[in-house]
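Everything on this sheet refers to the single structure shown next.
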Amino acid sequence: DMRRDLAGRRVMVTAGPTVEPIDPVRYLTNRSSGKTGYALARAAAARGADVTLVSGPVALPEPEGVRTVHVETAREMLSAAQEAFATADVAVFSAAVADMRPREAAARKLKKGEADVLLGTIELVENPDILATLGAAKRPGQVVVGFAAETDDVVANAQRKLSSKHADLIVGNEVGGGRAFGTDDNEVWFVTAEETYGLPLMPKDRLADRILDVAASFLP
Ligand code: PMT
């Protein structure tokens, strides 16, 4: 890619899943591979941007020329993203953040038959919404891109998330049945305040450039 249209710009990307500990050996997580976020980070760097990638645990190599910050939980991702967001021109939230976490991570491995252990019950509490929190703190000229992972009503849910999360672009994708999570290709909708349109199935690295094209068009 010969375009250097993001030279001098700072781009922040969140990627991958978060993991939320139950005890020292168990956790709650989801099927995100990080492929989408890592493709975004590589594409932004190739276009000349100064890139910070805030990544949950994934099995991908760190992109070259990108500052990668590794986190595990949603709360760790929030604080790392908050720091990078402060100076970012473009922020893309592709991570699949766990919406909930166990209220407490047990200090010792939970075992059946112990008087104080109910293996059938894990009490959950809501995690912070990283995109909604930072989107609400957006500076004029800062461009915010979010995703919407939906099993149904992709477009309506993506349109709702555009305003509830203060995003300039929502990338809507249908998930479940082996789609989007972990795959090399994705078929998505783009939702902005102006328009909603579908894109054809394409590799995630081409999708990354399409997302950055729209983000770049919103930059002052
Ligand atoms: O990683 P891959 O295997 O390539 O898979 C890609 C993907 C399916 C993970 C990606 O395309 C995608 O849809 N990412 C968003 C997943 C998600 O959590 O969607 P959501 O609809 O639950 O959340 C909406 C938006 O809010 C997302 O931008 C998400 O990053 C953000 N969010 C959600 C919850 C939360 N607590 N904090 C957040 O920041």
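The values are calculated or read from the model by the stated rules, or taken from the named source; none is laboratory data. In this text the structure is predicted, and so the values were computed from the model without any measurement. Cβ sites come from the backbone with ideal geometry, for glycine too, and all protein chains shown count toward neighbours.
Values computed for the structure shown
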read-out: The range 119-136: number of residues that are modelled with pLDDT under 95 and in contact with a strand residue (DSSP E or B) (Cβ under 6 Å, 6 or more places away or on another chain); value: 1
read-out: Which listed residue is buried (at least 17 other Cβ atoms within 10 Å of the Cβ) and either among the small types (Gly, Ala, Ser) or out of contact with any helix residue (DSSP H, G or I) (no Cβ under 8 Å at 6 or more places or on another chain) (or both), from 177, 172; value: 172
read-out: Close pairs (8 angstrom Cβ cut-off, 6 or more residues apart or separate chains): free of Cβ contacts under 8 Å to residues at least 24 places away in the same chain in the range 171-187, outside any loop (DSSP other than H, G, I, E, B) and of a type in the set (A, V, I, L, M, F, W, C) anywhere; value: 185/202; 187/202
read-out: Scope the range 146-171; condition within 8 Å of the ligand (Cβ to nearest atom) and in a strand (DSSP E or B); matching residues; value: 146, 147, 148, 149, 150, 170, 171
read-out: Tabulated pairs, the range 27-47, first touching a residue at least 24 places away in the same chain (Cβ under 8 Å) and farther than 12 Å from residue 95 by Cα, second assigned to a helix (DSSP H, G or I) and aliphatic (A, V, I, L, M), C-beta under 7 angstrom, 6+ apart or interchain; value: 39/208; 43/208; 43/212; 44/212; 47/212
read-out: Any hit, the range 45-54, residues being crowded, with 24+ Cβ neighbours inside 10 Å, more than 10 Å from the ligand (Cβ to nearest atom) and not in a strand (DSSP E or B); value: yes
read-out: Residue satisfying all of: in the range 1-35; within 8 Å of the ligand (Cβ to nearest atom) and of a type in the set (D, E, K, R); nearest to residue 97 (Cα to Cα) among these; value: 31
read-out: The range 74-96: number of residues that are surrounded by fewer than 24 Cβ atoms within 10 Å (Cβ to Cβ) and touching a helix residue (DSSP H, G or I) at 6+ places or on another chain (Cβ under 6 Å); value: 1
read-out: Which numbered condition residue 197 fails, given (1) over 15 Å from the mean Cα position of the chain (by Cα); (2) touching a residue at least 24 places away in the same chain (Cβ under 8 Å); (3) part of a strand (DSSP E or B); value: (2)
read-out: Failed item, numbered, when residue 68 is tested on (1) more than 13 Å from the ligand (Cβ to nearest atom); (2) more than 20 Å from residue 5 (Cα to Cα); (3) assigned to a helix (DSSP H, G or I); value: (3)
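Residue by residue, here is whether (1) among the basic types (Lys, Arg); (2) more than 26 Å from residue 50 (Cβ to Cβ); (3) under 13 Å from the mean Cα position of the chain (by Cα); (4) away from the ligand (no atom under 12 Å from the Cβ) holds:
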site: 76; (1), (2), (3), (4): no, no, no, yes
site: 83; (1), (2), (3), (4): no, no, no, yes
site: 87; (1), (2), (3), (4): no, no, no, yes
site: 91; (1), (2), (3), (4): no, no, yes, no
site: 96; (1), (2), (3), (4): no, no, yes, no
site: 100; (1), (2), (3), (4): no, yes, no, no
site: 108; (1), (2), (3), (4): yes, yes, no, yes
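Yes/no matrix, rows are residues, columns are (1) surrounded by fewer than 19 Cβ atoms within 10 Å (Cβ to Cβ); (2) not in a helix (DSSP H, G or I):
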{"residue": "6", "(1), (2)": "no, yes"}
{"residue": "14", "(1), (2)": "no, yes"}
{"residue": "36", "(1), (2)": "no, no"}
{"residue": "72", "(1), (2)": "yes, yes"}
